Amino acid sequence: MTELVALDPLPKPKRDILPLLLPLILAVVMLPLIGSPSSWMTLTVASLAMGMMIFIMASGLTLVFGLMDVLNFGHGAFISVGAYVATLVLLPLATWVQADSLLTNLAVLAPAAILAMGVSGALGLIVERVLILPVYGQHLKQILMTTGGLIVAEQALYALWGPQIIPLPLPTSLRGSFIFGDIAIAKYRLLAMLVGLAVFLAIQITLNRSKIGLLIRAGVENREMVEALGYRIRRLFLGVFMVGSALAGLGGTMWALYREQVHASMGNELTVMIFIVIIIGGLGSIGGCFIGALLVAMVANYGGFLVPKLALVSNILLMVVILMWRPRGLYAVTNR
Amino acid sequence: MTDLLTLTNVHTHIGRYHILHGVDFAIPEHQTTMLLGRNGAGKTTTLRTIMGLWAASSGQITLAGQRIEAMATPDIARLGIGYVPESMAVFSDLTVKENLVLAARDGPLDDNRLEWIFGFFPALKRFWLSRAGGLSGGQKQMLSIARAIVEPRKLLLIDEPTKGLAPAIIGALIECFAEIKRSGVTILLVEQNFHVAQRIGDAVLVMDNGRIVHRGAMAALAEDTLLQERLLGLSLEAHQ
């Protein structure tokens, strides 16, 4: 039988590592500007911790957009709901939270995070079925419906918990810092970095080593063809939407502990930053979202230290610069 | 001979445009039927309507006696239809292997079937672990076809597989389609290149303005140059 083509080796695919190096380059450039290595290290660790928490909150949103072209402006609701649900465990068990034992602290922290994820994921199921299902393919209606959903969720939280800010102290064993010479690394930030890394690795392994992951990656690229292969992509999307919502709930819990407070509009306030992250990263790209989250956090921390007034607009400036360089984000996945 | 696929008075609208105007035809089992026609005649829309990618506004589509016009695309595919779109639509971020693993919906890849596919597409074996996005146009077409036949199918819908490919590759694709047909698969193939069509097809349908304007044996059309000119006109010359 005839061979169809000459079997010339494929050109080696170009590895696009420049975006990967950006956080590193930024950190190195900032060292002489900040001057003090201990301040630089503190800011860098703070940036990494903040970036990981933002990544956890944003990762679901980027997959939701990439997979089904759905603009969910209500993603912040899952963040707030997750944080409030966590208080249902953390506040009644305050004695466990204030105990000196790390194990006791974790014994209350883990169920709080799991409950927050469970409730946020379940809320995601309801939101997808009730708000998003009727408006597939209609961006304007998606924006209106999900923004409306965010407002309703926020007001429901006010109605249930009241308008006051709820203090949420860190567990005792996660307070304070590890000291290395002049450098202090906050324990909670270290934990946030570890959890963020674990979530990133779990998502990467799922996307690259499982058939579900293959389907998600293929669906982000061409969902019509995935359906033509016989897969019901809407069910897959529902699963991704619920996981994304659950991760937002986890991120909300971690963010609330980071800020040591919970309030109903926290999700709303984070929404703009999360959208900046997924736009910078390239809609639908988990790797891009990870780098985007780190960059946003670094620019916010370094910028806030060097030019405090710039901190208010630093994220927007970063997005403008990145989009002028790469108009579809650092790692463009979808053709949308 | 039994008809595997039947379209009866099928109309399709895309937005406010009325594309298919009552398409009627039947595809006999185990045969290769060519769907010819000029650009914009409605060939791709016909395939997409069969697959449920665009909904038929009215009319009936039956596959092996089962009505499918109201079914969702995944359910239609699960009835045993493989689809090779004009754009090939390989998943460029996935490797060749991953593309085929995904297409093997009912379980792991069958080694014997893979060897059968590698028999006419050796490039796929060589680039097994390479990203599909790095393949040449011809190799992507092979992958797209391999994806459609990686599991046994009743019917293959193939949209302009030779478009933009080098003659050597086209010749080999013709052999490949003949082999697939010998394995008992029914094929509905959209083609603009009449030389290719007459080598592959048993039967022929010609479309114009969203309607079937001719149906018959491929051999009869191949011998009747006057009919070819009347049906295919400039379109035929342009693609010879």
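The values are calculated or read from the model by the stated rules, or taken from the named source; none is laboratory data. Not measured: the values here are computed from a predicted model. Using ideal geometry, Cβ is built from the backbone for each residue, glycine included, and neighbour counts are taken over all protein chains shown. Surface areas here come from the heavy atoms of the whole protein model, side chains and all, with no ligands, DNA or RNA. Shrake-Rupley method; radii C 1.70, N 1.55, O 1.52, S 1.80 Å.
Some observations on this one:
- Residue in the stretch A:45-62 that is over 22 Å from A:L194 (Cα atoms) and not basic (K, R) present: no
- The residues of the stretch A:128-151 that are out of contact with any helix residue (DSSP H, G or I) (no Cβ under 8 Å at 6 or more places or on another chain) and within 15 Å of A:S265 (Cβ to Cβ), listed by number, are A:T147, A:I151.
- Which listed residue, of A:V130, A:V135, is open to solvent by less than 80 Å² (accessible area, probe 1.4 Å) and of a type in the set (V, I, T): A:V135
- The stretch B:48-83, residues that are away from chain A (no Cβ under 12 Å) and either among the aliphatic types (A, V, I, L, M) or touching a Lys or Arg at 6+ places or on another chain (Cβ under 7 Å) (or both): B:A55, B:A56, B:Q60, B:I61, B:L63, B:A64, B:I68, B:A70
- At least 3 residues being modelled with pLDDT of 95 or more and over 19 Å from B:K154 (Cα atoms) is the threshold, and among the strands (runs of 3 or more DSSP E) wholly inside the stretch B:13-130 those reaching it are B:17-28, B:56-63.
- Residue match in the stretch A:72-82 (condition: within 20 Å of the chain's Cα centre (by Cα), open to solvent by 50 Å² or more (accessible area, probe 1.4 Å) and β-branched (V, I, T)): no
- Residues that are of a type in the set (G, A, S), surrounded by fewer than 21 Cβ atoms within 10 Å (Cβ to Cβ), part of a helix (DSSP H, G or I) and within 14 Å of chain B (Cβ to nearest Cβ) within the stretch A:181-232 comprise just one, A:G213.
- Restricting attention to the stretch A:160-176, the residues that are over 13 Å from A:S265 (Cα atoms) and part of a strand (DSSP E or B) total 1.
- Taken over the stretch A:266-287, the criterion of being touching a Leu at 6+ places or on another chain (Cβ under 9 Å) and in a loop (DSSP other than H, G, I, E, B) is satisfied by A:G282, A:G284, A:S285.
One line per residue, one yes/no per condition, for (1) open to solvent by less than 30 Å² (accessible area, probe 1.4 Å); (2) assigned to a helix (DSSP H, G or I); (3) modelled with pLDDT of 90 or more:
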{"residue": "A:M1", "(1), (2), (3)": "no, no, no"}
{"residue": "A:D16", "(1), (2), (3)": "no, no, no"}
{"residue": "A:L20", "(1), (2), (3)": "no, yes, yes"}
{"residue": "A:L26", "(1), (2), (3)": "no, yes, yes"}
{"residue": "A:V29", "(1), (2), (3)": "no, yes, yes"}
{"residue": "A:L43", "(1), (2), (3)": "yes, yes, yes"}
{"residue": "A:M52", "(1), (2), (3)": "yes, yes, yes"}
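- The one condition from (1) surrounded by fewer than 21 Cβ atoms within 10 Å (Cβ to Cβ); (2) without any contact (Cβ under 8 Å) to a residue 40 or more places away in the chain that B:E29 does not meet is (2).
- A count restricted to the stretch B:45-86 and to residues that are among the β-branched types (V, I, T) and farther than 20 Å from B:P152 by Cα stands at 4.
- Just one of the listed residues (B:V101, B:V90) is at the interface with chain A (Cβ under 9 Å from one of its Cβ atoms), touching a helix residue (DSSP H, G or I) at 6+ places or on another chain (Cβ under 7 Å), surrounded by fewer than 20 Cβ atoms within 10 Å (Cβ to Cβ) and β-branched (V, I, T), namely B:V101.
- Test for A:L157: is it open to solvent by 50 Å² or more (accessible area, probe 1.4 Å) and not in a loop (DSSP other than H, G, I, E, B): no
- Tally, over the stretch B:15-47, of residues that are within 14 Å of chain A (Cβ to nearest Cβ) and either at positive phi or acidic (D, E) (or both): 1
- Annotation note: Cβ proximity below 7 Å between a residue of the stretch B:116-141 that is more than 9 Å from chain A (Cβ to nearest Cβ) and a residue that is open to solvent by 30 Å² or more (accessible area, probe 1.4 Å) and among the small types (G, A, S) (sequence gap 6+ or interchain) occurs for B:A132/B:S92; B:G137/B:G164.
- Filtered by the rule that a residue be under 20 Å from B:I117 (Cβ atoms) and modelled with pLDDT of 95 or more, the stretch B:186-211 gives B:T186, B:I187, B:L189.
- Residue within the stretch A:241-256 that is modelled with pLDDT under 95, assigned to a loop (DSSP other than H, G, I, E, B) and buried (at least 22 other Cβ atoms within 10 Å of the Cβ) present: no
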